[in-house]
Amino acid sequence: MNATIHAFTQSLMPHLVVVPILLPLLTACLLLLLGDRRHRRKTGLAALATVTNLVVAWLLLRWVRQGDQPSAYGVYLPSNWEAPFGIVLVLDRLSALMLLVTGVVALAALLFSVARWHKAGAHFYVLMQIQIMGINGAFLTGDLFNLFVFFEVMLAASYGLLLHGSGPSRVKSGLHYLTINLAASSLFLVGAALIYGVTGTLNMADLAAKIPRVAAADRPLLHAGCAILAVAFLAKAAMWPLNFWLVPAYSSAGAPSAAVFALLTKVGIYVLLRQSTLLFSPAAGPSAGFGSAWLLWGGMATLAFGALGMMASQRPTRLVGFAVIVSSGTLMAMVGLNRPEVTAGALYYLPVSTFAVACFFLLAELMDRSRNPDPDAQRAPEDEEDHLPFALAEQELLDDDTNLDEDEEALIGRPIPAATAMLGLGFIICTLLVAGLPPLSGFIGKFAMLSALLGEPSQHVPLANWILMGIVVGSGLLALVALSRVGIRFFWTPVERSAPVLRTVEALPIVILITICVAFTVRAEAAMSYARATVASLYQPAAYIRAVLSEKPLPTPTNANRLKQSVSRRQP
C-alpha cells in the first residue's frame with residue numbers, strides 16, 4: 001500500500017508541488033462566481049477544496065519521507081527558467097510538515113465556521129482560501145521576492161478575516177494590525193533590496209552559495225539587510241516588544257479566523273529557521289550563526305512576557321492570545337540556540353502547540369457563548385470581569401463531603417449536560433497541552449527540548465540554557481494557574497444559566513484537533529524520528545542548494561529553432 005501511494009505521488013511530481021497554491025486560488029475564483037446567496041454550494045466547494053488540500057499535503061509529506069535519498073527534494077520551476085533566474089518552489093521535509101499543519105488547521109476552522117460564522121460577513125470562504133494560498137506559498141517558495149509576494153497575499157486575506165463580523169473592537173484592533181504589518185512589509189522590501197544589492201540574487205539557495213564569498217567590505221551591508229529583513233519576520237513571529245498588536249487582534253477576531261491566525265506566527269518561525277540554517281550555516285564563513293543570540297534572548301523575553309500576560313488575563317480569548325506568544329517565544333529561543341537536538345524537539349513541539357492553540361480559540365468561542373447564549377449580544381468590555389463567589393467557602397453548616405449545585409443544595413446523581421461535559425473535557429485537554437503537562441504531547445515536546453538543553457551529563461551546560469530552562473518551566477506553571485482559574489470561573493462558578501447548546505459541526509473540529517494531539521502522544525517516536533531527519537537535512541544545507549541549482553527547465557523549442565524550421569520547410 002505504501003509503495004503504491006509513493007509510486008502514485010512520484011508520477012505526479014514535480015507538478016504536485018504547485019497544487020497547494022493553485023488549488024485555493026482557483027477555488028477562491030470559483031467561489032466569487034457563485035454569488036453571495038448560494039451558501040450550500042459555496043460551503044460544499046470550500047470544504048472539498050480544503051479536504052483536497054489536506055490530502056495533497058499528506059501525499060507530499062509521505063513523498064519526502066519515503067524518497068530514495070535520505071532527504072528528498074521536490075523542485076518546481078513555474079516559469080520554466082532555471083534558478084536563480086526564475087521562480088522556484090521547493091519542497092522538503094520542513095515545508096511538507098508545515099503544509100500538513102496548515103491543512104489540518106484550515107479544515108478545522110472551516111468546519112467550525114459552517115455553524116454560523118460564514119454568514120457573519122461577505123466572502124468568508126474566499127478570504128479563507130486566499131489565506132491558505134498565501135500560507136502555503138510562503139512555505140514552498142525558494143526565493144525572497146516571492147516570499148514577499150505570498151507574505152502580502154497572506155496578510156491581505158488576514159485583514160478581511162480579522163474584520164469579518166464587524167464590530168468596534170475588530171475595527172480598532174484591525175487598524176493596529178494593519179499598521180504594524182504595513183510597516184513590516186516596508187522593512188521587508190528595504191532588507192531584500194540591500195541583500196540584492198550586495199549579492200545580486202534573492203534565490204535562497206543561490207544566496208547560501210554566495211554569502212561565504214561576499215567581500216569583507218560588503219559584509220556589514222549584507223548583515224544590515226538581513227537584520228532589517230529579520231525585523232519583519234520577528235514582528236510576524238510575535239517577538240517582544242513587537243507583539244503588542246497580537247492579543248487585541250486575535251482576541252477580537254472570530255473563532256475560525258483566530259484559529260487560522262495561529263498559523264501566521266508559525267510562518268515567521270518557519271522563515272527564521274529556514275534562513276538561520278540555510279543562509280547562516282557553519283559554511284557561511286564570517287556570517288555563520290548571524291543573529292542567533294538575538295533570537296535566543298529575544299525568545300526568552302517573549303516567553304516571559306507571554307507567561308505573565310496569561311497570568312494577567314481572565315477572558316479566555318485574551319489568554320489564548322498570550323498562549324500564542326508563549327508558543328512563539330519557546331520556538332524562537334530554541335531555534336536561537338542553533339543546536340540540532342534542541343531544534344528537533346522544537347519541531348515536534350511546533351505542530352502540537354499550533355493544534356492546541358487553534359483548538360483553544362474554538363473552545364473560547366463556545367465558552368463565551370455558554371455564558372451569554374444570545375448570539376446577537378455584544379461581547380463584554382475587556383475590563384468587565386466576573387468575580388469568584390466565595391460564599392460556598394464560608395458555609396460551615398454543611399458536611400465537608402457534600403456536593404452542592406448552583407442553589408447551594410445537595411447535588412446527588414444529577415447528570416452533567418453533554419455539551420458542558422464536552423467543553424470541560426476539551427478545556428482540560430487543551431490546558432494540559434498548553435501548559436506542557438503529562439501525559440500528552442505538549443509535555444513530550446517540552447521534555448525533548450529541556451533534555452536536549454542539558455545535553456550529556458559530562459557536558460558543561462551554559463548559563464543561557466539554565467535560564468531558558470527555568471523560564472520554560474516557570475511559564476508552564478503560570479499557564480497552569482491561569483488556565484485553572486479560568487476553568488473554575490467558567491465551569492464551577494455557580495451562576496444562573498442554562499446548559500450550552502452546541503452543534504455537532506462545532507464539536508467535530510475540536511475533537512479532530514484533540515485526536516491529532518493524542519496521536520502525537522501515541523506515535524511520539526515516529527514523530528520525533530521525522531523531526532530529527534528534518535533537522536539533519538536543515539543543518540546540512542548542501543543537498544538543498546544542489547537540488548535547487550541543479551534543476552533544469554524542460555526543453556522547449558525556442559523562437560530561433562522555430563524560425564530555422566520554418567525557413568527549412570520553405571526552401572525547395
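A Förster radius of 60 Å, combined with the Cβ-Cβ distance separating D368 from R546, puts the computed FRET efficiency at roughly 0.70. Think of a 1.4 Å ball rolled over the protein heavy atoms: segment 137-282 then has 30 Å² of accessible area per residue. Surface composition of segment 24-96: carbon and sulfur atoms hold 61% of the protein heavy-atom accessible area at a 1.4 Å probe.
Each of L182 and R38 was given a label point 7 Å from its Cα along the Cα-to-Cβ line. The distance between the two points is 3.6 nm. For segment 101-172, the average shadow cast by the Cα convex hull is 5.2 nm², which is a quarter of the hull's surface.
Whole percent per 5 Å bin, from 0 to the bin with the longest distance: what is P(r) over all C-alpha pairs of segment 213-354? Spelled out bin by bin, segment 213-354 gives 2, 10, 20, 22, 18, 12, 8, 5, 3, 1, 0 percent. When all protein chains stay in place and ligands, DNA and RNA are ignored, the 1.4 Å accessible-area order of H460, H223, H176, largest first, is H460, H176, H223.
Using the Cβ-Cβ distance between V505 and Y196 with R0 = 45 Å, the FRET efficiency computed as 1/(1 + (r/R0)^6) comes to roughly 0.40. Calculate what fraction, in whole %, of the accessible area of segment 211-319 sits on carbon and sulfur atoms when a 1.4 Å probe is rolled over the protein chains. About 75 percent, which is the carbon plus sulfur part of the accessible surface. Estimated from the Cβ-Cβ distance and a Förster radius of 51 angstrom, the FRET efficiency linking L221 and T52 is about 0.70. Spin-label pair A283-W466: with each label point 7 Å from Cα along the Cα-Cβ axis, the two points sit 3.7 nm from one another. Here the Kirkwood formula, the inverse mean of 1/r across different C-alpha pairs, assigns segment 212-253 a hydrodynamic radius of 12.2 Å.
The values are calculated or read from the model by the stated rules, or taken from the named source; none is laboratory data. Computed from a prediction, not measured in an experiment: that's the story for all the values here. With ideal geometry, Cβ positions are generated from the backbone for all residues, glycine too; neighbour counts draw on all protein chains shown. All accessible areas refer to the heavy atoms of the entire protein, side chains included, with ligands and DNA or RNA removed. Shrake-Rupley method; radii C 1.70, N 1.55, O 1.52, S 1.80 Å.
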